[in-house]
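**Student:** The structure follows.
Derivation of every value follows stated rules applied to the coordinates shown; laboratory data play no part. Values in this document were obtained by computation on a predicted structure and should not be read as measured data. Cβ placement follows ideal geometry from the backbone for every residue including glycine, while neighbour counts extend to all protein chains displayed.
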Amino acid sequence: MRIARFTPPKEVSASPLFGVVMGDEIEILSGDPLYAGIIKTGEKVSLDKVKLLAPVIPRSKVVCVGKNYADHAKEMDSAVPQQPVLFIKPNTSVIGPDDAIIWPSMSQKVDHEAELAIVIGKICKDVPKERVNDVIFGYTIANDVTARDLQKVDGQWSRAKGFDTFCPLGPWIETDIDPSDLAISASVDGELRQNDRTSSMIFDIPTIINFVSQVYTLLPGDVILTGTPAGVGVIPVGSKVSISIEKIGTLENRAVSHG
């Protein structure tokens with residue numbers, strides 16, 4: 001099932017809604033499915049009449065796993081980690097499909113990072129590996145946008161990865177897929193940059209959720225980014241970055257100048 005959050009035509013609603021994507025239509029849901037469950041209203045709207053938004057706005061946090069593909073660790077001149085490397089993006093960094101990635105005036109090198117994202121559906125702590133599916137609502141696509149020059153200057157990642165607009169999510173949440181071996185890619189203006197499979201992750205989904213939930217209490221709507229393959233690179237101002245994950249779809253955003 002594909003769950004979208006969207007701005008409908010004004011005659012339908014003045015506020016964003018959630019719905020189930022079915023071909024070229026969206027069936028509207030009653031309330032936020034993370035809290036109310038999947039309650040269909042029977043009302044439908046054409047997909048081409050809405051604007052898709054970030055499918056979830058994390059009320060708490062976006063937890064990210066760094067260096068989770070060996071080839072990416074290598075291209076960053078880093079050793080393969082022995083346990084997941086964690087950092088957090090603020091929820092103010094989240095944007096949706098077709099929203100602009102804004103180059104901050106502080107940076108001269110803004111990179112894309114294609115990632116599979118986990119959306120948490122239940123409050124949880126210390127989740128055993130065999131029970132991780134109980135707390136996952138679904139999966140979406142993320143771009144862990146990074147000011148690479150600032151990352152190197154700071155020696156840590158909070159500023160470089162935390163700017164407003166630096167966490168595109170979308171186009172929807174897929175609730176019924178096996179995430180263990182999906183094709184993942186990123187292109188900039190049609191040029192293929194990243195191309196791998198989620199089976200190349202160093203730490204798999206059960207390991208990630210087990211580890212993360214030992215550090216943080218996870219809340220409904222929290223998002224976990226699972227790392228990026230090799231091939232990260234700059235998103236020039238004016239260019240469009242397209243990230244695709246098999247069985248989910250494609251997330252596209254254009255980079256614009258801060259001014």
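**Student:** What net charge do the residues around ARG148 carry, taking every other residue with its C-beta under 13 Å from that of ARG148, with Lys and Arg at +1 and Asp and Glu at -1?
**Tutor:** Local charge sum for ARG148: -3.
**Student:** Using a 10 Å cut-off on Cβ atoms, rank the peptides 136-148, 80-92 from the highest mean neighbour count down.
**Tutor:** With the highest mean Cβ count within 10 Å placed first, the list reads 136-148, 80-92.
**Student:** Let me ask you something else. When Cα extents along the principal axes in Å is calculated directly from the model, which label among (i) 55, 45, 41; (ii) 61, 50, 35; (iii) 53, 46, 28 fits?
**Tutor:** Among (i) 55, 45, 41; (ii) 61, 50, 35; (iii) 53, 46, 28, the one calculated here is (iii).
**Student:** Further question on the same structure: Given 0.36 nm per residue, what is the gain on full extension from MET106 to VAL80 after removing their alpha carbon distance, in nm?
**Tutor:** Contour length minus Cα-Cα distance gives 6.4 nm.
**Student:** Also: HN-Hα J couplings of the stretch 213-229 from phi, Karplus 6.51/-1.76/1.60, θ = phi - 60°, integer Hz, Gly and Pro as x?
**Tutor:** Computed from phi, the couplings for the stretch 213-229 are 6, 7, 8, 10, 5, 9, 10, x, x, 4, 10, 10, 8, 9, x, 10, x Hz.
**Student:** At a threshold of 8 angstrom on Cα-Cα distance, excluding pairs fewer than six apart, so keeping six or more, what relative contact order does the chain reach in percent?
**Tutor:** Details: 676 pairs, mean separation 65.9, N = 259.
25 percent.
**Student:** Let me ask you something else. Take the Cα of LYS125, step 7 Å along the line toward its Cβ, and report every residue of the stretch 175-216 whose backbone nitrogen sits under 16 Å from that point.
**Tutor:** Flagged as within label range: 210-216.
**Student:** Based only on the alpha carbon positions, what is the Kirkwood hydrodynamic radius of the stretch 155-206, in angstrom?
**Tutor:** One decimal place: 14.0 Å for the Kirkwood radius.
**Student:** Also: In straight Cα distance, which lysines are under 23 Å from LYS51, not counting same-chain residues fewer than 8 positions off?
**Tutor:** LYS10, LYS40, LYS240, LYS247
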